[in-house]
Amino acid sequence: MVVKRFSVNDFTVNGPVSHENPFEVEVTADFEHASGECIEGIKGFYDGKSWVVRFSPPLEGEWTGTTRSSESALDGQEFGPLECVPSTNPDVHGRVRTDDAHPQRFRFEDGTEFKPLGFEFDWLFAYHQAQPEPCRETLETLVDRGFNYVLANVYAHTGFGDSDSEHVYGPPPTYVFGGTNEEPNHEVLNPAFFDDFDDLLETMHELGIVVHLMMQVQNKEVNWPERRSADDDRYWKYVVARYGAYPNLVWDVSKESYNIRHEAGSHDYTRDRLALLRRVDAYDHLVTAHDPDRGRSPRRFTPNHDREEPPIDDLVDFVSDQIALTRPGRYAREATLRVRDLEVPYLNAENGAEVGVENLQIFEREESTGPGRRSS
């Protein structure tokens, strides 16, 4: 079987398994390159019909894979040999990494420099569910305009704008768990939701868009499982298993993670989820937590630093903030100091957030004004 470098390949794990909840069955796979390099512990997932392992080869050459499972019917199945050949897509460069020589910068796995130009698209998953072709055209337009980075939720329920607007896609038609958001069954995932999300991720991979995937959102009326419960862990592990093979991805614990701290009084859950992502992701994607300290400076430069717990900045691969520099003030000044204090990249994900086209002052240059002059 011939596969391309950085491509995403599905391998079905077949076997007569009888289990009350197939989403609880654990399958992993180890893939080994002819050179001896290994990717171990790649999580498999149940797609509603069978178990699947996704593999994305980072090196050209021959690969072989073997499954591991406590279910004997799924254990010891072999994949390959796979002949990995060069990618033919010039927009695909592998995983996003931090630059060893310049730790505040990003670089792709193949050595290509990466400068993110981001677009926040919280309702992207629901847009794709409702209108897949227009959604693809929109993503193509973003790429044409120079965007290469999209912030997106796995799921959100409601709370974005006027429900009478034609541009609001919530509540979405398909829920991420069994049942509905109002009457959920958190013990199972919804394969129909993830089948659609597969198509969306594959489209962005093909277009060379890096996906900043926010695992949760706390303020959009989502009926999430109880934190750190078995149902909660199952959701997190499932998303990692299903999408970890996509190289065009970075993990984020939650959109506006400060809501977790406000609710629980600490960053304990955020720290726990960061550790879980690192533990279960065999592909070692970058991890972050979006804006965990809204309203309080996260770094030691603040004169009113009274926190006993360590800042989240020390636990992430890059900092994801939201400071509206269009409204200068204390947070903007602190953001500048924060960048100086960091040894990882700093990404201000929402500069100018929610300003809106209607509130921007648009300038058009007129020939009659002469060089260097603009009229409004």
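The values are calculated or read from the model by the stated rules, or taken from the named source; none is laboratory data. Since this is a predicted model, take the numbers as computed values, not measurements. Note that each Cβ is placed from the backbone with ideal geometry, even for glycine, and that neighbours are counted across all protein chains shown. What goes into the accessible areas is simple: the full protein's heavy atoms, side chains included, and nothing from ligands, DNA or RNA. Shrake-Rupley method; radii C 1.70, N 1.55, O 1.52, S 1.80 Å.
Could you list all residues from segment 225-244 that are surrounded by 21 or more Cβ atoms within 10 Å (Cβ to Cβ) and not in a helix (DSSP H, G or I)? If the condition is that a residue be surrounded by 21 or more Cβ atoms within 10 Å (Cβ to Cβ) and not in a helix (DSSP H, G or I), then GLY244 is the only one that fits. Exactly one residue out of VAL150, VAL188, VAL210 is open to solvent by 30 Å² or more (accessible area, probe 1.4 Å), in contact with a strand residue (DSSP E or B) (Cβ under 6 Å, 6 or more places away or on another chain) and aliphatic (A, V, I, L, M): that is VAL188. Where the second residue is among the charged types (D, E, K, R) and the first is closer than 13 Å to ARG136 by Cβ and lies in segment 199-211, which pairs have Cβ atoms under 7 Å and are six or more apart or on separate chains? Close Cβ pairs (under 7 Å, with a partner that is among the charged types (D, E, K, R)) amount to THR203/ARG136; LEU207/ASP91; LEU207/GLU140. Selection within segment 249-259: residues that are open to solvent by less than 10 Å² (accessible area, probe 1.4 Å) and either modelled with pLDDT of 95 or more or assigned to a helix (DSSP H, G or I) (or both). The member of this set that is farthest from ASP110 (Cα to Cα) is SER254. In segment 127-146, the residues that are under 18 Å from ASP199 (Cα atoms) and in a helix (DSSP H, G or I) form Cβ pairs under 7 Å with partners that are among the aliphatic types (A, V, I, L, M) and open to solvent by less than 40 Å² (accessible area, probe 1.4 Å), at six or more places apart or across chains, as follows: HIS128/LEU200; LEU139/MET204; LEU139/LEU207; LEU139/ILE209; GLU140/LEU207; VAL143/LEU207; VAL143/ILE209. Report whether or not HIS262 is modelled with pLDDT of 95 or more and of a type outside the set (D, E, K, R). So HIS262 fails the test. The residues on offer are ASP293, ASP313, ASP272, and the sole one that is modelled with pLDDT under 95 and out of contact with any strand residue (DSSP E or B) (no Cβ under 6 Å at 6 or more places or on another chain) is ASP293.
Which one of ARG300, ARG333, ARG278 is within 25 Å of HIS102 (Cβ to Cβ), open to solvent by 20 Å² or more (accessible area, probe 1.4 Å) and at pLDDT 80 or above? Can you show your working first?
Details: ARG300 fails: at pLDDT 80 or above; ARG333 fails: at pLDDT 80 or above.
So the residue among ARG300, ARG333, ARG278 that is within 25 Å of HIS102 (Cβ to Cβ), open to solvent by 20 Å² or more (accessible area, probe 1.4 Å) and at pLDDT 80 or above is ARG278.
Those strands (runs of 3 or more DSSP E) of segment 6-109 in which at least 3 residues are within 26 Å of ASP196 (Cβ to Cβ), considering only elements entirely within it, cover 9-13, 27-33, 38-46, 51-55.
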